[in-house]
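The values are calculated or read from the model by the stated rules, or taken from the named source; none is laboratory data. All values derive from a computational prediction rather than experimental measurement. We place every Cβ from the backbone using ideal geometry, glycine too, and count neighbours over all the protein chains shown. All accessible areas refer to the heavy atoms of the entire protein, side chains included, with ligands and DNA or RNA removed. Shrake-Rupley method; radii C 1.70, N 1.55, O 1.52, S 1.80 Å.
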Amino acid sequence: MTAWTPEDEQFMRRALRLAKRGAGRTSPNPMVGAVVVRDGRVVGEGFHERVGGPHAEVHALRRAGESARGATLYVSLEPCNHHGRTPPCTEAVIQAGISRVVIGMADPNPKVTGGGADRLRQAGIAVTVGVLERECRILNQPFIKWVTQGRPYVTLKCAATLDGRMGARTGESRWVTNERSRRLVHELRAAVDAVLVGIGTALADDPLLTARLDRKKTPQPLRIVLDTHGRLPLASQLVKTARQTPVLLACAEAVSKEVRERFASHGVDMLPLGMAKEHGLDLRGLLDELGRRSITSVLVEGGARIHGAFLDEALADDFLFFYAPKILGDSLGVPMFQGVPRFSMGDAVPVFDCEIRRFGEDFLISGRFRRDLY
């Protein structure tokens, strides 16, 4: 691996900032940014704007034009060397006359890893791989997990009081957190492929689970409800809007054909699943099926039993916990997790890479349930 310079890191950070602009629009493809630099000056840049559209390298090279000859290309992910929805980016790089390519991370797809870098080297182009690799991997965790394991990346999201209650004992939960925190949740929904809740949350809150932002063409997630017995009311907001924004109802195989057809007639996609021994519906089977449908990321928004099931089965990858400056002081309030109890600190589930951010008076604690990056 060739050493890199502070300038390489500077332009790779710029490529990463560009890549993030594709959030919510590129799945199942990764977010990628590219910058063309000549004599220390940016002459072209771009990002992967939407699935099926030109890749980041192509946008950057087109904007650079003839200035790309002899220049350096910075790209957050190894250029592809295979035909997919678009031609290989390696050929565009070679034809543009680029003299050096700096890559943030190798393509994680085990079928193609290293192929793009090798093709560029064969063409006489200097290649450096691994600049800000950790940052590049963090950006595309959903894509990496999906392409290597065939399952979506799972994030648990909770909004709670300081004493860890998502709602009062009556079930009331509007609103635990402030408007700034709630806006961030809408931005998160716009950036993921799917949002998931249990039937308890669906019955108590009658949520829409859409991304409601004040901008045009906001990406909308697939809305998933875990509903073992098919109890979701046909008059619910989810069912009434299913033809506009897709809804997937995961139910038990025992749910009658009549019930399934009733939901289907309202535009709800039905997914019968087997039952797990301890946690109701087979969550592993659900994630496998979502992976087959090219769903790369899922935001799990509750309730407590759903959070507990994902935690107990080690199916969650990271978490976002919002805390409001409120205390209920009621042991019968709605907890953040309800599942297999741990009776000692040694048995507690460890978390890693925790960070704290503030949104007005609210706090957001984020972190991972695993040390490794996919």
Trypsin sites (Lys or Arg not before Pro) restricted to DSSP loop in the range 119-209 with at most 15 other C-beta within 10 Å: R169, R174
Phi to ³J(HN,Hα) by Karplus 6.51 cos²θ - 1.76 cosθ + 1.60 over the range 293-306, Hz, x for Gly, Pro: 8, 6, 8, 9, 8, 10, 9, 8, 10, x, x, 4, 5, 5
Among G280, V75, G198 the positive-end extreme of the charge dipole of the chain (Cβ point charges): V75
Which of F343, F319, F143 ends up with the largest GNM mean-square fluctuation for the chain, with Cα atoms connected below 10 Å? F343
Two-site FRET efficiency, R62 against D330, from Cβ-Cβ distance with R₀ of 41 Å, rounded to 0.05: 0.10
Let me understand the chain better: what is its radius of gyration from the alpha carbons, and its Dmax, in angstrom? 22.8, 69
Given the options R212, R284, R262, state which has the largest fluctuation in a GNM of the chain using a 10 Å cut-off (strictly under) for Cα springs. R262
Computed ³J(HN,Hα) along the range 145-159: with the Karplus parameters 6.51/-1.76/1.60, θ = phi - 60°, integer Hz and x for glycine or proline, the list is 5, 5, 6, 9, 10, x, 10, x, 7, 10, 10, 8, 10, 10, 10
Checked against the positive end of the charge dipole of the range 159-225 (+1 on Cβ of Lys and Arg, -1 on Cβ of Asp and Glu, about the Cα centre), the farthest of M166, L213, S181 is L213
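With contacts defined as alpha carbon pairs under 8 Å and 6 or more residues apart, what's the relative contact order of the range 68-191 in percent?
19 percent
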Taking only protein heavy atoms into account and a 1.4 Å probe, give the accessible area per residue of the range 240-358 in Å². 54 Å²
So if I take the centroid of the Cα atoms in the range 105-160 and the same for the range 239-269, what is the distance between those two points in Å? 36 Å
GNM of the chain, Cα pairs under 10 angstrom: of D214, D318, D353, the biggest fluctuation goes to D214
Please compute the net charge surrounding P325, taking Lys and Arg as +1 and Asp and Glu as -1 over other residues with Cβ under 10 Å from its Cβ. -1
Let's test this: bin the Cα-Cα distances of the range 219-273 at 10 Å from zero up to the farthest pair and state each bin's percent. 26, 61, 12, 1
Tell me which of V255, L315, S265 sits at the most positive position along the dipole axis of the range 211-318, charges placed on C-beta atoms (Lys, Arg +1; Asp, Glu -1). S265
Note, ³J(HN,Hα) from phi for the range 36-49, Karplus 6.51, -1.76, 1.60, rounded to Hz, x at Gly and Pro: 9, 10, 10, 6, x, 10, 6, 10, x, 7, x, 8, 6, 8
Given unit charges at Cβ for Lys, Arg (+) and Asp, Glu (-), the dipole magnitude of the chain about its Cα centre in debye, nearest 20, is 920 debye
